[in-house]
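First comes the structure, then the notes that go with it.
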Amino acid sequence: MQQKKFSRHFGGFKPVTPLKSGPAAKRIQNRVPWTEVHSLALAQLKEALINATNTRLSVPDFNRTFNVHVDTSDSSIADYLGQVTNDDVECPLAFLVSN
């Protein structure tokens, strides 16, 4: 359920992140394989993050309620702080990711 809230702001970023699978996901001492596929995925992910923050990042209104959305796994946590605007659209105010 939380994944839908995150992906709404990033427009389908999950299919462009092969960095969490394949040889790059394994720890290789002093050498990480990096191919054109990884470069393309990184560029697409950067573009999705830029578009998400340029189009929807808002200024907090301290007279409104803040919403905190959290997504966790065994090794990381991600969340964002948001608020619902006058037109009933939830806009993110801040993002946090920690491994």
**Item:** Where F6 falls short, out of the listed (1) closer than 19 Å to V89 by Cα; (2) exposed (fewer than 13 other Cβ atoms within 10 Å of the Cβ); (3) at pLDDT below 85
**Value:** (2)
**Count of segment 26-69 residues which are more than 16 Å from E90 (Cβ to Cβ), of a type outside the set (D, E, K, R) and at pLDDT below 70** = 4
**Members of segment 76-99 found to be modelled with pLDDT of 85 or more, surrounded by fewer than 10 Cβ atoms within 10 Å (Cβ to Cβ) and part of a loop (DSSP other than H, G, I, E, B), listed by number** = N86, D87, D88
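The values are calculated or read from the model by the stated rules, or taken from the named source; none is laboratory data. Owing to the predicted nature of the structure, the values given are computational and were not obtained by experimental measurement. Reconstructed Cβ throughout: ideal geometry from the backbone, glycine too, with neighbour counts over all protein chains shown.
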